[in-house]
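Below you'll find the structure, written out as structure tokens, and then a few comments.
The numbers here are math on the coordinates, done by the rules we state, and not lab data. What you are looking at is a predicted structure, and each value in this text was computed from that prediction instead of being measured. Counting neighbours? That spans all protein chains shown, and the Cβs are built from the backbone with ideal geometry, glycine included.
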Amino acid sequence: MAESLISVDIVLTEEELTRDFTESLRRRDLKEFFFYWLPISVQAWLSLCTDGAYKNFWRSRTLLQHHLYEMIEALPWDLAEVVSLGSGQGIKDRALMEALRTRNPTVVYRPVDASQSLLELALREMSSMGIPTRGLKADISKPEQLYCCLGAAAGGPRLVLLLGNTLGAFDPLQYCQGLRLLLRKGDYLLIDGEIFDPASTLAGYDNPQNRRFAMGPLMSVGISEEVGTLVFETVTDERLPGLYRLQKHFEFLQPCRVLVAGNFIEFSPSERVRMNFSYKYSMQSFEELVCKRAGMVPLKRFLSADLNFTMFLAQAPTS
């Protein structure tokens, strides 16, 4: 039997991504979405989510499952659309969409991601359950790419998902201001984040499984830890009390020359490639970001069993 067709609006093309990847390596600064783009990275990400090594994926999914009906009861019956920013393969969203569909079979699922491969997985998953879907291939850090397809949409209230500590992949102060512009009056937001813990936060990333995932973009062009070392560190962001950034870089220990999209790029010993980062919060700073910076009204607050992860269901003011 033929597979069902899927629909994707594309504002970020593969040509742009290839060009940007080359330029990012030249600048020694790899953007967030490259860690989910190339086939080696996609497979590493799927493995990381499957074997339980990435705690934030499981913390987010567990909170969603344990408090699903409490969340559903707080949402309106006429919810028109669920927009999942940085949806990945859509696994965390499935239980939510199934529950919403029992009340409103017309609610549309709109996953947004820069990874074509992960978008396809999310869309096929929902389509197989009969859920109306339409994907958006975009850089979720660029408001203009989101607004062109999402900002002016008409209809009932929407639920915007920002799950799996996705907010932490960007500058949270700037990103929350962008959310404030994207969300319409009365829209809902389900957002989560990791609570910083000096004893366990760094260990949650600097482990063999996550190191394989982190090396994905470099491995795709032949750069391995045979020529350098991957370094994780945490720093305090002084702009907001209780805001922390876990960052990483790859430092070359010997000369390296790689071919990327027909262009040679050379690296010297002691050169560094900055890689993606992940923000963490105190409970107070997370609430500050959601309530004051994004301008949302919190409806429900949830906390993981280990006390290191929180999730808020909030609503944009109606007036």
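Results, tabulated for the structure shown:
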| read-out | value |
| --- | --- |
| Rh (Kirkwood; distinct C-alpha pairs) - region 218-280, Å | 13.2 |
| Projected label distance in nm at SER224 and ASP29, using a 7 Å step from Cα toward the beta-carbon | 3.0 |
| Karplus-derived 3J(HN,Hα), 6.51/-1.76/1.60, for each residue of region 282-292, Hz, glycine and proline x | 7, 4, 5, 5, 5, 5, 4, 5, 6, 7, 9 |
| Positive-pole candidate from LEU75, LEU162, ALA95, dipole of the chain, charges at beta carbon | LEU75 |
| Charged-residue dipole, Cβ positions (Lys, Arg, Asp, Glu), the chain about Cα centre, Debye nearest 20 | 460 |
| Two-site label geometry, LYS142 and ASN104: point separation in nm, points 7 Å out along Cα→Cβ | 3.1 |
| Test item: Cα-centred dipole of region 218-280, Lys/Arg +1 and Asp/Glu -1 on Cβ, debye | 220 |
| With Cα atoms, 0 to 90° folded angle of helix 55-66 axis to the chain main axis | 10 |
| For region 205-219, Karplus couplings with θ = phi - 60° (6.51, -1.76, 1.60), whole Hz, Gly/Pro x | 10, 8, 9, x, 5, 6, 5, 4, 5, 4, 7, x, x, 6, 4 |
| Size of electric dipole in region 43-116: Cβ of Lys, Arg +1 and of Asp, Glu -1, about Cα centre, debye, nearest 20 | 180 |
| ³J(HN,Hα), Karplus 6.51/-1.76/1.60, whole Hz, each residue of region 8-18, x for Gly, Pro | 9, 8, 10, 10, 10, 8, 5, 4, 4, 5, 4 |
| Residues of type aspartates and glutamates that LYS137 reaches as a straight line, Cα spacing below 15 Å, ignoring anything fewer than 8 places off in the same chain | ASP9, GLU14, GLU15, GLU16, GLU32, ASP113, GLU120 |
| ARG301/MET129 FRET efficiency (R0 51 Å; Cβ-Cβ; nearest 0.05) | 0.95 |
| Under 5 Å, built H, 5+ apart or other chain: amide partners of LYS280 | TYR244, ARG245, LEU246 |
| Identified option (computed Cα extents along the principal axes in Å; candidates [x] 60, 50, 34; [y] 95, 55, 44; [z] 62, 53, 40) | [x] |
| Distance-filtered residues of region 207-222 - backbone nitrogen under 19 Å, label point 7 angstrom along ASP51 Cα→Cβ | 207-220 |
| Per-pair calculated FRET efficiency, R0 = 35 Å: ALA95 and ARG19 via Cβ, rounded to 0.05 | 0.40 |
| Contour excess over end-to-end distance, with Cα ends at THR236 and MET283 and 0.36 nm allotted per residue | 15.4 nm |
| Neighbourhood net charge (12 Å Cβ-Cβ; Lys/Arg +1, Asp/Glu -1) for GLU23 | +2 |
| Given LYS142/LYS300; LYS142/LYS185; LYS248/LYS300; LYS31/LYS300, the pairs whose alpha carbons are separated by over 26 Å | LYS142/LYS300; LYS248/LYS300; LYS31/LYS300 |
| Burial ordering of VAL8, VAL112, fewest other beta-carbon atoms within 10 Å first | VAL8, VAL112 |
